[in-house]
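Every number in this text was worked out from the coordinates using simple rules, so none of it is lab data. Here the structure is a predicted model, which means the values were calculated and not measured. Here the Cβ is made from the backbone with ideal geometry for all residues, glycine too, and neighbour counts use every protein chain on show.
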Amino acid sequence: MNSLFPILAIVRKDISVWLRQPTSIAATVLPAIAFMVILYFGAQAVGRNPVALVVQDSGPHAQELVNILTDSGAFKVGMITITPQKAEEAFKQVKVAAVITIPSNFDAAYNALKPDPVTIHINNLNLDFTNDLRRSLPAAITEFYAKKGSSSPIQIHVKETDLRSQDIDLLRFELVPNLVLLLTTAGIVNAGLATAREWEDSTIKELLLAPISRATLITGKLLSGWITTLLIASVVLVVGAASGYLRPEGAIYWISTSAIIMLIALASAGLGVAIGAASRRFQRVTAIGIPLSIDLFFLSGGITVAAFLPAWLQTIAHFVPTFYGTHALQTAIFYGSTEGLALDLSVLGATAFVAGVFGVLSLRKSIMT
Amino acid sequence: MNQKENTTPAIELNGLTKHFGDFKAVDGLSLTVRSEEIFGLLGPNGSGKTTIINMISGLSKPTSGEATVLGHNILHDTRVVYAALGSVPQETALYEELNAWTNLSIHATLYGVPRSVRDKKITDMLNLVQLYDRRHSRVSTFSGGMKRRLALARALLHDPLLLYLDEPTLGVDVQSRRAIWNYILDLKKKEGKTVLLTTNYLEEANALCDRIAIIDHGKLVALDTPINLKRRYGDTVMEIETTSSVSAQLSERLRTLPGVSEVIQEDKVLKVTMSADELSVTGQLITIVTQEINIKKISQREPNLEEIFLSLTGSGLRD
Amino acid sequence: MNILRIFPAYSSLLVYLDNGDKDIRSSLTERAFMITSIIIPINFLLLFLLFALTGGQAPTAIVLEDKGPYAQQFLSAMEHSHSFIIQQTTSVDAKTLMKKGQIVAIVTVPANFDSLVRDGNQVQLPVVLNNLDVDFTNDIRRAVPLAITSFYANTFPNQVVIRAHEVDAYSHDTGYIQYLVVSLMVVSIMLGGLLQAGSNAAREYEKGTIKELMLAPASIWAIQIGKILGALLLNSLSAVVMIIVIVFLIGVWPEHWDELFAFVLLLMITFVALGALIGTLIRRRQAVIPLSIGLSIPVFFISGAFGPAEWGDQVTAAITQLQPVYYGIAIFQHAFHNFTTTSTSPAIDGFILAGFAALIVTISAVALSYSRGRGDIH
């Protein structure tokens, strides 16, 4: 009990100081916000390149194809014209990514079951959107034939089975790795700054000359880093739950979500204390902490589903603790499942322990010197 | 720790030594700080003062020797000592983002001040240093003098027996300096506290300290009361304005008097430098002068600590 | 005769050089930060390459219960659809891969596939999806029917007669990484410039040494240009390392080296000046890093990093033309790949970029002089 009040005093002091440091708070949340901006713009950018349509046949089948192309989610039709020159001019001016030409004999060829090519002229600057465009016209053709129903020559039909009860929107899906990024940054930067500040502002003497044990001091710093991180997480979780974007369904999933968040916060706070004690300078803490958090985010496959990563990166991701945090949270929040939870919690628990030990040792060493 | 123990020396250093590699920062220092005295530790930059304070505070481990504070070995009974120690570091170590009250409140918790009396003690301390009206203001808005006063209030909050004050009036205006001096003097007079202070202001050491230790190159060079230091190491200068210049023979004769180290004639003013210990020759000196010439005016300048300090430590610049 | 009286420009030159030298020396004493300000932009580059490595093609297992010719042709259609990374495997293994998270779809070609197709009967093609997010899930939902259509177009050309005929603007495809890395270089230069110069400028205020500069009888221009030169030299270390990584490690060889060097320099000047401006305004080094990263990332994304900015939202496209990264990316794409990604020519883009550089240098000098005149230095 003797140590409890001094520990709480240190926690209270650190939180009070943190709340009065808007630049520290900004340093914490900015990377996560920046990545949400990235995702938003990235999602907008995907597959919505402008194309020009040159329609040289006014027949019903041609019109049907035009309608399908116009409604396509793969691109946006910025121009419909009968004159190829106008479209090609826009192409040269880099105003459109492709020109799709429906030839004048489209209907006739279709009715006669003769080869009926539709040309797509692609500005193949890079493979990413080029492949999107390459798929887009065949996809429209597929839809054209699908609309024929029983008269369509295509007799193979997909029988889909989904593993998950619901499809999750990409932006919503990515909120979870962003939350993990936020926890990581918050823990490392906040706890790091709170520790480094004691040396940078020379207030460490006040703590060192107080009649408290070193263990009390170290515990206080770790606890304050953990709590400030949890404060940020709780704001996000409350907003997420209220909006429905990040709402675990069921008490067990609330509990597992909370446990995962607490472990991630503890791990990052421990690491932050270690960095802060070793570096003793604000600038070094942010210079190391922010890139480290972003590195962990990327290396754990934060920007996509793990299966889409190259094999070597998937292997690396399995050694990055935030990978397990992201997996556990996505499974609990989106899919109402505890699949893999035991492994995820074990990894996160071990990480929190190791990071905590690093924090203790680093701070102890700095205090002793 | 309680007042019964104030017959024990507040601080006792025996052969305290500190090496940093090959460099000897403190070299076999032995001294005693008595209870209920204000003790000054003076020395040029790099003399080892800060190292000594750090060892006494337990922040640095001596290479050899022992430091005992309030009867306890500082290294073995650190927390016991800290509970009875109040410290005002040179950097003040205040949390600038927080207000005055919160700074003291945190300190009170760290030092185990009972909750039942905490608010009253904080109020009393803030009133003592005349900062009660600013208790909700952020420390970053305080002037240098206010920060020092607040740091002093904080150091006194847990009613320590011993106070370390490291450059207590550094960067502070004249009014604040006087106020702080008065607090420090009251600490000893009214509350019986022991104060160890370091300062580069000789005037401050002269005004406050019962005894002064002068440290140089890690060694104790002198230790005594200010008056005794002046007497032992200082010179008095007597200026005698005469109606005309005195003769060379008279000057020579004056030089032979015991304790007289220098006689200079500047126009019609005779400046006689004599040891503070030998002021009894003053009468003889006046008699000799009046035998030759009329005296218009006599003035006497007492030795000052600065001159003594410089004579003991040298006037060369230190790194 | 005093050379400074004869050649006042000479005295300004000395101020530029001395000030730059002073900043370089100060930065060198903070080695950790200096190294970090070189590493952060390169880190950024490598991380976004990881982003680029993330495929748009869905890792999928195909279980061929029928190994007949039509089944094989169907497999070929799936492989050439630009939508899948195919693994042919057994049903049990496919389920294991799905459980491990290594694939997101299993397509099973049923045992009687060939006979059903040959006879013109309906075929049910089971597709199991690990529908983690709707984005790739919908891609797969579109891609499988597309592969089916492609299969029919190749196998029964007299039944499915409509086909896509592709004509490319450039004779060879450029990989996503090779394209993206060029855009990344621009933002890495931006990040490096902001960090280095921003930190240098903010340090003056934090340490109080700004007073020394403000009280000196040197022109504000001389002081600020000197600071820019110092940060430029340090930032060029980062630029050199980046060029080495891009050219020799990633293997993207510039078509126009002269353009590359000229515009690297111009971009560095622009962003170093911007960094000096930011540092002068915010005056805290602690805020420089998050602000630099927070500014660079969104600007990068709206500036046509992944493809011409004009192809995106029109409002964003209009806004992005008001800042230098847009022109920088366009010029670099031309320098490396000979691509034109804007409706203006590379020459005009370069001219506009030079204008931005001059403008930002001017504004940063004005900000510094405002600081002196306002007397708010404490």
Out of the DSSP beta bridges found with both residues in chain A, what percent are antiparallel (nearest 5)?
25
Please give the per residue volume of the convex hull enclosing the alpha carbon atoms of region A:189-344, rounded to a whole number of Å³.
135
Other chains' Cβ within 10 Å of A:167-174 residues: what's the mean?
5
Residue by residue, what Karplus-based ³J(HN,Hα) values in Hz, rounded to whole numbers, does region A:298-307 have, using 6.51, -1.76 and 1.60 with θ = phi - 60° and x for Gly and Pro?
5, 5, 8, x, x, 9, 7, 6, 3, 4
One can check that the equivalent ellipsoid of region C:96-177, built from the alpha-carbon gyration tensor with semi-axes equal to the square roots of five times its eigenvalues, has lengths in Å, largest first, of 25, 25, 10
Taking the Cβ of each residue in B:S280, C:S199, B:S245 as the centre, tally the other Cβ atoms inside 10 Å and list the residues starting with the fewest.
B:S280, B:S245, C:S199
Taking each residue of A:199-208 in turn, how many C-beta atoms of other protein chains fall within 10 Å of its C-beta, and what is the average?
6
So which GluC sites (Glu not before Pro) in region C:233-333 are both in a DSSP loop and have at most 15 other Cβ atoms within 10 Å of their Cβ?
C:E255
May I ask you to sort A:W18, A:W312, A:W199 by Cβ crowding, counting other Cβ atoms within 10 Å and putting the fewest first?
A:W312, A:W199, A:W18
Mean shadow of region C:253-378, computed from the convex hull of its alpha carbons, in nm²?
8.8
Hydropathy first: keep DSSP H helices in chain C averaging at least 1.0 on Kyte-Doolittle, then drop any whose Cα extent along the axis falls short of 20 Å, and list what survives.
C:31-53, C:220-244, C:257-282, C:285-302, C:346-374
Rank-order A:178-187, A:276-285, C:154-163 by packing density, defined as the average count of other C-beta atoms within 10 Å over each peptide's residues, highest first.
A:178-187, A:276-285, C:154-163
Bins of 10 Å, starting at 0 and running to the largest distance - Cα pair percent for the protein assembly as shown
2, 9, 14, 16, 16, 13, 10, 7, 5, 4, 2, 1, 1, 0, 0
Report the net charge of residues surrounding A:V94, where surrounding means a beta-carbon distance below 14 angstrom and charges are Lys +1, Arg +1, Asp -1, Glu -1.
-2
Please report, to two decimal places, log10 I(q)/I(0) for region C:121-166 at q = 0.21, 0.24, 0.29 Å⁻¹ as given by the Debye formula with identical point scatterers on the Cα atoms and no solvent.
-0.81, -0.91, -1.06
Mean other chain Cβ within 10 Å across A:6-17 is 4
About the Cα centre, and with charges only on the beta carbon of Lys, Arg (+1) and Asp, Glu (-1), how big is the dipole of region B:3-230? Nearest 20 debye, please.
520
Using a Förster distance of 35 Å, how high is the FRET efficiency between A:N2 and A:A350, based on the Cβ-Cβ distance and rounded to 0.05?
0.65
Test of understanding: ordering B:R34, A:R135 by Cβ neighbours within 10 Å, fewest first, what list do you get?
B:R34, A:R135
Out of C:V245, C:V366, C:V107, any idea which swings most in a Gaussian network model of chain C, alpha carbons joined below 10 Å?
C:V107
Projected convex hull area of chain C, Cα atoms, direction-averaged, in nm², equals 24.9
Distances over 18 Å make up what percent of all Cα-Cα pairs in region B:35-103?
51
Once you have all Cα-Cα distances for region A:48-151, histogram them in 10 Å bins from zero and send the whole-percent values.
16, 49, 29, 6, 0
DSSP bridge pairs, the protein assembly as shown: antiparallel proportion in percent, nearest 5:
45
Give me the net charge for the shell around B:Q265: Cβ to Cβ below 15 angstrom, other residues only, Lys and Arg +1, Asp and Glu -1.
-2
Give the Debye-formula value of log10 I(q)/I(0) at each listed q (0.06, 0.08, 0.12 Å⁻¹), with one equal scatterer per alpha carbon of chain A, two decimals each.
-0.36, -0.57, -0.91
How big, on average over all directions, is the shadow cast by the Cα convex hull of region B:235-302, in nm²?
3.8
Rounded to the nearest 500 deg cm²/dmol, what is the calculated helix-only ellipticity per residue at 222 nm for chain C, with -39500 (n - 2.57) per DSSP H run of length n ≥ 4?
-22500 deg cm²/dmol
For region B:3-230, the Rg and Dmax computed from alpha carbons only, in angstrom:
17.3, 52
What per residue convex hull volume, in Å³, do the alpha-carbon atoms of region A:97-158 yield?
99
Using packing as a proxy for protection, rank B:283-292, B:69-78 so that the peptide with the highest average count of other Cβ atoms within 10 Å comes first.
B:69-78, B:283-292
With A:I120 itself left out, Lys, Arg at +1 and Asp, Glu at -1 over residues whose Cβ is under 11 Å from its Cβ give +1
Distance (nanometres) between label positions extended 7 Å along Cα→Cβ at C:Q159 and B:K190
10.6
